[in-house]
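Data block below; observations after.
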Amino acid sequence: MAVNAAQPIPSPSRRSRSSSTSQIPQSGPSNSSNRVSYTSNSGSGSEYHLDTSIATSSVSSQASLSGFRSSLPDNPQVYDFSDIRAATNNFLAKRYSSTSSQSWRCTLHGKDVIIFQRRIHKSMEKSRLKAKLSVICRSHYKSIIKLLGASVSGDHIYLVYEYVIGSNLSICLRNPRNPSYTILSTWMSRIQIATDVAHGLDYIHNTTGLEINPVHKYVKSSGIIVTEPSFNAKICHFGAAELCSVTESKAVMIGGEISEETPELGGSASKPRDFEGVRGYMSPEFQQTGVATQKSDVYAFGVVLLELVSGEEPVRFNYDKETGNYSKISVIEKAREVVECGGDREEDGSVGVRNWVDRRLSDSFPVDVAKKVMRLALDCLHVEPDNRPDMRRVAGKISKLYLESKFWSDRVKMPTEISVSLAPR
């Protein structure tokens, strides 16, 4: 029991146990609080209140409440452009990523953030921007990197996201400096990432509260951060599709490349530019119309699932020395060959599941679960959008596959309390 160290504890002989000087509850719900009050007979009027359980529960509840409040997103903020310039050293600071040239890691208002530059239509008013930010910034999910605010200057919007320690999924699967090594060397680490991303997209599609059907549009392995040290996944670029107003643009083919053509704004047309980070993840209807939908997000997630299983890029090219030509290899076509040929059989030159799954897993994975993950990915990659499942259904199936994987992982663990001796008796 906690006592005040500044005052001496009266001896038991001098404590009064009369009803006027001591209050000890005898019954009722308040007994659990162990509240005891002693008054000294010395005339000093010293009174000691010992309420250990209430004090302990009060401290723990305040600590949990404080932790919960700190985890909530901040109020949406429209930053002054001068703050963005000061944080990025007038945009002369080192770029954050080689794949996204217009991005900077810096400190803004005392917070470690990442700033991305995107194109925005001039029709986006400040009031409309703040209304969208008020919804997006209050969206809160553990698998989504928080959007803290934005700033508009000319034809560009600067999105400010929290900085998360980790690396993107593409580098974790395919490190160019050491291709034979991956930090995701276990099946559980990969199914955990698939579960986090699936539930994050389900939250974006069904729980954000936006008036229109929200989409992510930029689902790709390089847009998923694997955090340290838990190896959980967080989705980047949340809210970019809503704030950048790119849903009004149209995709066109220029020289065999997919580009984005923006309609005329104020009597002038902007030059076509490439889509950002969607090559290999674009659904057939997205390539034709340039309009991202929730079903196109499902398609991109299917590609990410196949990347997690195989460790391969969505599209790669092999050089044939005999013909001098490049051959295109698609991870989607390879997965379809494996599933159509029965998985384990090696007929017509196709590879079985065991040979197709990433070899860096050391053949330690549940084959049945791997087959189910591949079939689910191919369902997400159906040519017809209406035949693809929605993310709520996909997230539910991924959760079941995670539980099956967890059961397999617990079952195959070697016991540590058993010692084996090979010495002769």
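The values are calculated or read from the model by the stated rules, or taken from the named source; none is laboratory data. None of these values were measured; they are calculated from a predicted model. All Cβ positions, glycine included, derive from the backbone under ideal geometry; neighbour counts span all protein chains shown. Note: areas computed on protein heavy atoms with side chains; ligands, DNA, RNA excluded. Shrake-Rupley method; radii C 1.70, N 1.55, O 1.52, S 1.80 Å.
Residues in region 327-349: is at least one of a type in the set (A, V, I, L, M), modelled with pLDDT of 95 or more and surrounded by 15 or more Cβ atoms within 10 Å (Cβ to Cβ)? The answer is no; no qualifying residue exists. Tell me whether region 354-361 contains one or more residues that are closer than 19 Å to S170 by Cβ, of a type in the set (V, I, T) and touching a residue at least 40 places away in the same chain (Cβ under 8 Å). Yes, there is a match, as at least one residue in region 354-361 is closer than 19 Å to S170 by Cβ, of a type in the set (V, I, T) and touching a residue at least 40 places away in the same chain (Cβ under 8 Å). All of (1) surrounded by 19 or more Cβ atoms within 10 Å (Cβ to Cβ); (2) under 20 Å from M282 (Cα atoms) hold for S222 with one exception: (1). Based on this model, can you work out whether I165 counts as at pLDDT 90 or above, open to solvent by 40 Å² or more (accessible area, probe 1.4 Å) and either hydrophobic (A, V, I, L, M, F, W, C) or within 27 Å of Q117 (Cβ to Cβ) (or both)? Taking the combined requirement at face value, the residue satisfies it. Taking region 173-261 as the region of interest, the strands (runs of 3 or more DSSP E) fully inside it that hold 1 or more residues being at pLDDT 90 or above and in contact with a helix residue (DSSP H, G or I) (Cβ under 8 Å, 6 or more places away or on another chain) are 224-227, 233-235. Close Cβ contacts (under 8 Å, 6 or more residues apart or on different chains) running from residues in region 77-97 that are aromatic (F, W, Y) to residues that are assigned to a helix (DSSP H, G or I) and open to solvent by 70 Å² or more (accessible area, probe 1.4 Å) comprise F91/R85.
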